[in-house]
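Have a look at the structure below, then the notes.
The values are calculated or read from the model by the stated rules, or taken from the named source; none is laboratory data. This structure is a prediction, so every number in the text was calculated from the model and none was measured. With ideal geometry, Cβ positions are generated from the backbone for all residues, glycine too; neighbour counts draw on all protein chains shown. Each accessible area value is taken on the protein alone, full model and side chains, heavy atoms only, with ligands, DNA and RNA left out. Shrake-Rupley method; radii C 1.70, N 1.55, O 1.52, S 1.80 Å.
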Amino acid sequence: MATLREPSTPGLTRPQAQSARANTSLNVLIRRFLLSNYFVLYLTVIFFVVAAIFFPSLRTPGNISNQLQNMFPLLAVAIGQTFVLILGGIDLSVGATMGLTSVIGAVLMAQTLDPAFFDKSPLWGTLMRPEGGILAGSDLAVPLGVLAMLIIGTAIGWLNGFAITRFNLAPFMVTLVTSTFFSAFALWLTQSRNISGLPDAFVNLGKGDLISIYFGAKLTSDIARRDILPFITYPFVIAVGLAIFAQFILSRTVFGRRMFSIGTNRRASEISGVPNRGVITRVYMFSGFCAAVASILYSGRLAIGQPSLGGGNLLLDIIGAAVIGGTSLFGGKGSVRGTFFGVAFFVLLLNILNAMQLSPFVIDAVKGLFILIAALLDITRTRLLNREARA
């Protein structure tokens, strides 16, 4: 009677064959993990679970709610940067755009202005008066102020796109110049002062909530507002709505395909009939528009018009979130979904670093290190994908 034998790998003993199969399975699992479209999301969840063990404050409802609200303004401006990076460009002016649009909106909508602070402003006596901006007290103050902010942001984006395409200048240089100019211009208009006294309707755009939640027993008939956590907010609706619209453009329209074509090979796309100049200009306009949306959300949340709103290291966070989300610095690759995951990871990372009570210098260094790691991971993922495509 024949004896059944377990299949074995030629030249290997049974333990060696089992070890080889285990190694192969592990390699396949790691490969699938690295190549997954949800790689950054998985990483974010792992980071949160591990960090919450050492820093219990991270998992409190109040902290989670606060960090979720921190995501939405950053997501709005990172979406525009994602579009630009897909083209193979970069927009360094988004921070200055946020600062200038914040000032313009506040100048128009402010209900009161202190002469002791603003009498040296070039706008004093015309657009700025003791009784407020020119739209103060009007029912149309907030709609017109928001519209002006969006128009200014889009116009700055158009200026960037026009200079890049018309004069064939490097995006880095053009946006660096416009960033320097408009950030200084915003500071000059307000003499480096923040503008307060914004209408409540505008402030609600930055921190108003549609659905709130409360954890705990209702011991009194009135619950203090500080104990009620925002769940569905106006920034959530605005930023997520913008993200859905942007993802639709990228994945469902001819314009989106043209963007990827330009980012992959600009010369080849031009030969194939893609109107490169028009596409590039519109993408930079959209980036300026997204920066203005972020300015509305940040300004509303702070309840001030701040000329230095986009200053500091915010640009590092914007580009970092897009790169960590899988958008290539070399163009031709990226998604709004990935940027959303990248924003979530970046906000969590900053929350963890703050919980560790590190100095701002160390925090910036760590954020830069993670951006570098993300770029290296992107190169690794691209090589793995190309290898599988050739196989």
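Counting only residues that are more than 21 Å from G206 (Cα to Cα) and at pLDDT 95 or above, the stretch 112-164 holds 10 of them. Considered as a group, the residues in the stretch 351-366 that are free of Cβ contacts under 8 Å to residues at least 40 places away in the same chain and part of a helix (DSSP H, G or I) include one that is most open to solvent (accessible area, probe 1.4 Å), and that residue is F361. Of all the numbered requirements in (1) under 30 Å from G206 (Cα atoms); (2) open to solvent by 60 Å² or more (accessible area, probe 1.4 Å); (3) hydrophobic (A, V, I, L, M, F, W, C), I271 misses one, and that requirement is (1). Restricting attention to the stretch 308-336 and to residues that are open to solvent by less than 10 Å² (accessible area, probe 1.4 Å) and in contact with a Lys or Arg (Cβ under 9 Å, 6 or more places away or on another chain), the residue that is nearest to L176 (Cα to Cα) turns out to be G320. Cβ-Cβ distances below 8 Å connect no pair with a first residue in the stretch 190-202 that is open to solvent by 70 Å² or more (accessible area, probe 1.4 Å), a second residue that is of a type in the set (D, E) and modelled with pLDDT of 95 or more, and a separation of six or more residues or different chains.
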